[in-house]
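Heads up: the structure comes next, in structure tokens.
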Amino acid sequence: MNAAQLLQDSLSPNQAARESATQQLETAARDNFHGYLHTLAVELANESQDLNVRYAAGLAFKNAIAARDAINQPQLTERWLALPDTATAPLKQSVLSTLGSPQHRAGAVAATCVSAIAAIELPVNKWPELIPQLLEFVGNQENQGLRVATLQAVGFICEVIDPEILSARSNEILTAVVQGARKEEPSHEVQHAAIQALLNSLEFIRDNFEREGERNYIMQVVCEATQSPAVTVQVGAFECLVRIMHLYYEKMDFYMERALFGLTIMGMKHHEEPVALQAIEFWSTVCEEEIDLAQAAMEAYEEGEQPLYVSKGFAKAALPDILPVLLELLCQQNEDDDEDDWTKAMAAGCCLELLANNVGNDIVQPVVPFVEAGITQSDWQRREAAVMAFGSILDGPDPEVLAPLVTQALGALIGMMQSDPSLQVRDTVAWTLSKICENMLQVIDPAVHLRNLITALVIGLNASPRTCNSCCAALNSLVVQISGDADLLGDDVQTSPMSEYYSGILKELMPIAERPTNHANSRSAAYQTISVFLGSSANDTLPVVQEVAVAMLARQEALLGLQNQLVGMDDRNNWNDMQINLCVVIQSFIRRSPSMAAPFADRIMTNLLGLIQASGKHAGVLEDAFATVGGLASALEAGFVKYMDAFSPFLFSALGSFEDWQVAQAAVYVGSDIARAINEALTPYAERLMVALIDLLRSPVVQRQVKPNAITTIGEVALAIGGGFRPYLDTTMTILSQAGSTSAAPGDEAMIDFVQTMRESIVDAFIGIMNGIKDSDASAMQPYVSGIMGFLKTCWLDEDRSDSFSTASLGLIGDFAEAYKGSIRDELLQDWVSQAVTWGRTRSGNKRAKTNAAYAQQVSDHSPRKITER
């Protein structure tokens, strides 16, 4: 292959050329992996080659051995480690030598290659000479480019490697990085690279940060770097402070008092926006940490425990100094600011929201004068900043404190929404009204404010896309809170204060939903609001609801007729987006009134089958199409059976989409919906469904979050087909036993959460199986009871067990006691069972736990008792 040309084409703006080149490179990698890497390494190291080709070669090399996600990494690791040392040594030498390239972009991509190899080899005790070599490069004062690229490589390595693997070298690595980050470093490029390396290493150096002397020195270097004459160094230093505050909040008292408070206040006022943005982000991070700590402390106190850490109140102490700076930054907007750009004014608004959430009532009194002074100014920036400040403090302080202010301001805001000459001001007024509707709806008197408010919001729907989004959000909050939650509405809700506005609002939303483009997601927002209105409709609006639903079905049919006219990915993505939104609206219609949806079932299902066929396996489309099928099955119940022959092939195909986990997840969900809907009519499809579910559970490829739902679905299948589940019982119990043995390492929060979710699903599956087969052959389950009780005991001894698991397991224990009575008396008399029952009966806030505990105790007490021999 002409490697240089293919690499050049892989970066081409021409989609066809780019895709062809990428495909040929992937083929080369499969056919001759070592030869492919060798070619890339040669092109990367070739100083006479075009820089773009060298960069593409480095990127392709890195991507060949480093996956974008953890699931695919083991395969790439195995493929690299299968190469002999004689093959990999020249490759490693080649990428190392490129670190010193005079073309710094080539050195930078070589750094990613070095770190990718290191991530594979260092954990298996290979490439021991790498770190000494890199430390030598960092000390090479003759080659600035080499030092910069090497520091980048060191930072990347520290980011991906377990600190224990490099524990023997950690002090040397830290010394080299901090040495380059000092203010005495003559090269700003080297200092910036060192600061970035330190940023990537902050978790790696946790042990060093525990030692006060080393921590003081690191903090001194970072704080001094915030005063560098080089803006890039200043930005990197503030980024480090943000990350340090997130990782080591509990150790920041001394530094906040001595340096960070003043440095960050000055940083927020910096004339260079990137510096100011990071300084603002520092205080946003302080607030996020303190909000999390307050929440954790509240949860600990509720459990009768002491929190591990508590908030130190940094933000509250700094409020008199940081608040005036933030309010002034709110005024620094420009008319030509793009809404996608992150500006100082936007960052200040975000920080102000977090500050209000953190300090609560204390923020109200100092913000009110700023709002009152600014809202009548002729300068639009001042008016917009005043409205933004008011909207930003509506979540955090007590509603009772805010209520008089909101009542006073509401009329003025509605007036500004309709008549302010500035688009930017109207945008922010719409956002503030959405916040009022979300957080302070109790102050809106329908008789006084509702008509004028809705009029203003409907006018705003046809303003800018951003205003439209905010107006949609406000309307969503209004209809849900005034009319009621869609899931709680019954057929007995005859009318609501929103009913008279339904026709007008939906009439304005429909043309927005028909727009050919989705600028700033305004079209999707309109669809979402239509969906919310349909779901929250009172009986007197159902004719309008049906009219809208029929229009949506017609629109879906028209789009299906256009599928062969789509040109390019933009057309296809736009089509997909509209189909997804249409599915969401149709789902809402079905949920709101199954009886109204039933006459349209054939039409809905025909559209959905056509959509699934036309989706091209697009995950988003399939997810929502399957969710709509599930909603229809729930609505029709046994009436859904007539669609099973047409739909089941798509279901089984999607369950086998192991590498496209969203599709597999959607298929699992719809399988569960169908099982609950058609019950024993599922029997003809049960074998293929069970095979597909078990294959999915055995797959090492599918993402793990799919598996708990698949287990739950097995329980639904068992409950549906009853005695027909008997042929799958042994295999299922083996799979569930294996799943139940999954464990998590201490401190691995993600895995701990997954294990708890898995255990909840396993118990749900046991309950489904037990209740499914007990009427036909309860004895079939009895051989497994001892093992299941052992599993439950292990889970109950785990302090991290969830309330959901605990509650469900009490119900399962009761089911066993009722079915098998004295034959499992020994298992029921174990101490952990009585402790579990006691736990349930004392859960004052958990009615289901109390009910299940009482059930378990009652049926256990009625089990025959053995007569003690004398």
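Assorted remarks:
- Using C-alpha pairs below 8 Å separated by at least 6 residues, the relative contact order for segment 1-124 is 23 percent.
- Cα-based radius of gyration of the chain once divided by 2.2 N^0.38 Å, which approximates compact folds: 1.09
- Semi-axis lengths (Å, descending) of the ellipsoid that matches the C-alpha gyration tensor of segment 492-604: 27, 16, 10
- Applying the Karplus relation 6.51 cos²θ - 1.76 cosθ + 1.60 with θ = phi - 60° to segment 29-40 yields 3J(HN,Hα) values of 5, 6, 6, 8, 4, 5, x, 5, 5, 4, 4, 5 Hz, where x marks Gly and Pro.
- Separation in nanometres of the label points that stand 7 Å from Cα toward Cβ, at ALA638 and ARG258: 7.8
- Residues whose placed amide H lies under 5 Å from that of GLN703, excluding near-sequence neighbours: TRP661
- Theoretical gain in end-to-end length, GLN133 to GLN408 [0.36 nm per residue, Cα-Cα removed]: 92.1 nm
- Net charge over other residues, Cβ less than 12 angstrom from the Cβ of ALA315 (K, R count +1; D, E count -1): -3
- For segment 348-484: Kirkwood Rh in Å [reciprocal of mean 1/r, alpha carbons]: 14.8
- Three principal axis lengths of segment 159-317 [C-alpha, angstrom, descending]: 55, 43, 26
- Evaluated at q = 0.12 Å⁻¹, the base-10 log of the normalised Debye intensity for segment 115-232, with identical point scatterers placed on the Cα atoms, takes the values -0.40.
- Each residue of segment 572-577 is assigned a 3J(HN,Hα), and the resulting list reads 5, 5, 5, 4, 4, 4 Hz, derived from the Karplus form 6.51 cos²θ - 1.76 cosθ + 1.60 (θ = phi - 60°), x at Gly and Pro.
- Dividing the alpha-carbon radius of gyration of segment 245-332 by the rule-of-thumb value 2.2 N^0.38 Å gives 1.22.
- Here the chain is treated with +1 on each Lys and Arg Cβ and -1 on each Asp and Glu Cβ, and its dipole about the Cα centre works out to around 1520 debye.
- Lysines whose Cα lies under 20 Å from that of LYS793, excluding same-chain neighbours fewer than 8 positions away: LYS821, LYS850
- All alpha carbon pair distances within segment 1-124 were sorted into 5 Å bins beginning at 0; the resulting P(r) in whole percents reads 2, 12, 22, 24, 21, 14, 5, 1, 0.
- Farthest toward positive dipole pole in the chain [+1 Lys/Arg, -1 Asp/Glu at C-beta], among ASN140, SER503, ASN846: ASN846
- All C-alpha pair distances within segment 507-568, sorted into 5 Å bins from zero, spread as 4, 16, 22, 24, 18, 9, 4, 2, 1 percent across the bins.
- Probe 1.4 Å, all protein chains present, accessible-area order of VAL479, VAL448, largest first: VAL448, VAL479
- Between LEU83 and MET596, the simple spin-label model (points 7 angstrom out along Cα→Cβ) gives 6.3 nm.
- Kirkwood-type hydrodynamic radius, segment 398-598: 17.7 Å, calculated from all non-identical alpha-carbon pairs.
- Accessible area in square angstrom per residue, the chain, 1.4 angstrom probe: 44
- Positive-end extreme of charge dipole, the chain - chosen from LEU263, GLN73, GLY724 (charges on Cβ): GLY724
- Proximal aspartates and glutamates relative to LYS507, as straight alpha-carbon distance under 12 Å, when same-chain residues fewer than 8 apart are discounted: GLU547
- Counting only Cβ charges, +1 for Lys and Arg and -1 for Asp and Glu, the dipole size of segment 398-598 around its Cα centre is about 440 debye.
- Zone of GLN75's modelled label, taken as backbone nitrogen in segment 2-33 under 14 Å from a point 7 Å along Cα→Cβ: 26-27, 29-31
- Counting only protein chain heavy atoms and rolling a 1.4 Å probe, the accessible areas of GLU328, GLU212 rank, largest first, as GLU212, GLU328.
- Extension gain (nm, one decimal) between GLU400 and GLU203, 0.36 nm per residue minus Cα-Cα: 66.7 nm
- Bridging of LYS316 to lysines at a Cα separation below 26 Å is possible for LYS251, LYS269, LYS344, LYS435, once same-chain residues fewer than 8 apart are set aside.
- Largest-first ellipsoid semi-axes for segment 678-823, taking √(5λ) over the Cα gyration tensor eigenvalues, angstrom: 24, 20, 12
- Percent carbon-and-sulfur accessible area, the chain, ignoring ligands, DNA and RNA, probe 1.4 Å: 50
The values are calculated or read from the model by the stated rules, or taken from the named source; none is laboratory data. Computed from a predicted structure; not experimentally measured. Because the Cβ atoms are built from the backbone with ideal geometry, glycine has one as well, and the counts that use them run over all protein chains shown. The area values use the complete protein model at the heavy-atom level, side chains included, leaving out ligands, DNA and RNA. Shrake-Rupley method; radii C 1.70, N 1.55, O 1.52, S 1.80 Å.
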